[in-house]
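Okay, so here's the structure we're looking at.
Any read-out appearing in this document is the output of simple, stated calculations on the displayed coordinates, not a laboratory observation. Being a predicted model, the structure only gives us computed values, none of them experimental. Reconstructed Cβ throughout: ideal geometry from the backbone, glycine too, with neighbour counts over all protein chains shown.
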Amino acid sequence: MKRLILLTLTFIPLLAYAQEKTDKFGIHFSGYVKNDFFYDSRKSVGIREGHFHLFPENIRYDADSVDINAKTTFNILSIQSRLRGDITGPDAFGAKTSGVIEGEFYGTTDASINCFRVRHAFAKLSWATTDLTVGQTWHGMFFEECFPEIMDVNTGCPFQPFSRNPQIKVTQHWKDFKFILSVMSQRDFAEWAGPEILRNAALPELNLRISYQHFNEDKTREIFVGGSADYKVVVPRIVTDSNYATNSSLNAYAFSLVFKYRCPKVTFKLSGVYGQDLYNLTMLGGYAYQHTTDSLTIARGDFSYTPLNTVAGWLDFTTNGSKFKFGILGGFTKNLGSYNNILDWKDAGSYFARGWNISYVYRVSPRFVFQSGKIKMGLEGDYSVAGYGSKINSLGEVSEVKPVGGIRLTYSLFYYF
């Protein structure tokens, strides 16, 4: 099997080169090798051995009232190293055709670290003013034109929506505007109970996005404004704990706005998000059992669900030097609880959410980036604070908050090819 993979990786570029020489169609490979060295002042909530950092862990006392999570850690990982193939081919249906396949060694769980996984895999048909994209790529709430370009792999989470989804996407161009409609499923970035709860609803997630992007004549200045609206229905269970069939569903919506201004010396970006059940976007939120006093519903365990509401925002500033850049990111997110009363709202078992006992998270993260040729390296600091509450009301609103802070220092080195 290893020999087969090695032979495949050896001959695919040769075949692509031969094809490109004859008909100018084929595949162009690019990517980077990346190494991250990171130190944390305390344990943190994250993904892939803490590589994808979200926020500090809550205080956890031992028998001597010592905070177990106040433990420094250090790690080195190369799992974000990436390979991308940009594909071109002959026209079809009167459209230019292209495609992308991109992966990295990030795995899909901590147990599968170092395993190759798909990031993007899509085919694209492009007419004069319309594009049709079919495959896995960025969620409609993630704007490729406007996101925090930090060194950390988290790309600004939990303040920034982050997800890639299998989808069908139609893009309509009109002057400096784009209108995009996406019909999506879920895979690697999924709900608390997994991607099957969206499949159970038998309806895809829907996203509508509108953006405006304008450059001056020499493209040294750029203004970008975008908005996105998202809607989904999930069915968290098809059978209750008491073995009764159920089809109780949850409706959730989300909205976002982004703004970017770039001039020769600096770039300024900002974003705001409001939404329900944002767990699948790697943000705070999720859903909970809705409160009921109906004895039959309680006996059967066939509870309804209520979404948890979240608001988030970030701003990012960076200089645009060719060799040296300084940037700083600031982010804030707030758990707004639910519009409906929650069943046993003091019990963690009633929640299916990230940060259900957190009132807020904020972050300040400066960075220094150096680039020479194909080598880019950077040093980034991250001071994050999560406000954990000891009291929760019937709407899931968190109070009596104690802030828990942590510092992460990251050194990253990229080698592009």
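Globularity index of the stretch 129-252 is 1.28 (Cα radius of gyration / 2.2 N^0.38 Å, N = number of residues). Between residue 199 and residue 293, what FRET efficiency comes out of the Förster formula 1/(1 + (r/R0)^6) with R0 = 41 Å and r the beta carbon distance, rounded to 0.05? E between residue 293 and residue 199, to the nearest 0.05, is 0.80. The gain in end-to-end length when the residue 332 to residue 66 segment is fully stretched comes to 92.9 nm, 0.36 nm per residue minus the alpha carbon separation.
Determine which residues of the stretch 33-73 fall in the zone a paramagnetic label at residue 189 would reach in this model, i.e. backbone nitrogen under 15 Å from the point 7 Å along Cα→Cβ. Output list for this probe position: 47, 52-54. Taken about its Cα centre, the chain carries a charge dipole of roughly 1140 debye when the Cβ of each Lys and Arg holds +1 and the Cβ of each Asp and Glu holds -1. For the stretch 250-374, what does the alpha-carbon gyration tensor say about shape, rounded, prolate or oblate, given a ≥ b ≥ c as the root eigenvalues, a/c under 1.5 as rounded, and a/b over b/c as prolate? Verdict is prolate for the stretch 250-374.
Taking the average, over residues, of other Cβ atoms within 10 Å as the packing measure, peptides 394-400, 72-78 rank 394-400, 72-78 from highest down.
The string of couplings for the stretch 398-415 from the Karplus curve (6.51, -1.76, 1.60, θ = phi - 60°) is 9, 9, 6, 8, 10, x, 10, x, x, 10, 10, 10, 10, 10, 10, 10, 10, 10 Hz, one whole number per residue in order, with x for Gly and Pro. Pairs exceeding 26 Å between alpha-carbon atoms, taken from 71/402; 34/232; 96/374; 124/269; 71/346: 34/232; 96/374; 124/269; 71/346. For residue 393, put the label point 7 Å out on the Cα→Cβ axis and report which residues of the stretch 288-321 keep their amide N under 17 Å from it. Residues passing the 17 Å test: 291, 308-310. Extending 7 Å from Cα along the Cβ direction at residue 265 and again at residue 134 yields two label points whose distance is 5.0 nm. Can you tell me how the stretch 186-312 classifies by the Cα gyration tensor, rounded, prolate or oblate, using a/c under 1.5 as the rounded cut? Because a/c hits 1.5 or more and a/b exceeds b/c, the stretch 186-312 counts as prolate.
Three semi-axes describe the equivalent ellipsoid of the stretch 127-168; taken as square roots of 5 times the Cα gyration tensor eigenvalues and ordered largest first, they are 24, 12, 8 Å.
How much length is gained if the chain between residue 407 and residue 177 is pulled fully straight, taking 0.36 nm per residue apart and subtracting their Cα-Cα distance, in nm to one decimal? Extra length available between residue 407 and residue 177 comes to 78.8 nm. A straight chain from residue 109 to residue 41 at 0.36 nm per residue would run longer than the Cα-Cα distance by 22.1 nm.
The angle between the Cα long axis of helix 2-23 and the main principal axis of the chain comes to about 50°, on a 0 to 90 degree scale.
Each peptide in 361-369, 345-353 was scored by the mean count of other Cβ atoms within 10 Å over its residues; highest first, the order is 361-369, 345-353. Between the alpha-carbon centres of the stretch 137-176 and the stretch 243-268 there is a gap of 9 Å. In this Cβ point-charge picture (+1 for Lys and Arg, -1 for Asp and Glu), the stretch 276-417 has a dipole of about 840 debye about its Cα centre.
Entry note, the chain: the mean residue ellipticity at 222 nm calculated from DSSP H runs of n ≥ 4, each adding -39500 (n - 2.57), is -2500 deg cm²/dmol after division by the residues and rounding to the nearest 500. Judged by the mean number of other Cβ atoms found within 10 Å, the most tightly packed of the peptides 284-293, 374-383, 211-220 leads the ranking 284-293, 374-383, 211-220. As a size descriptor, the averaged projected area of the C-alpha convex hull of the chain was calculated at 23.9 nm².
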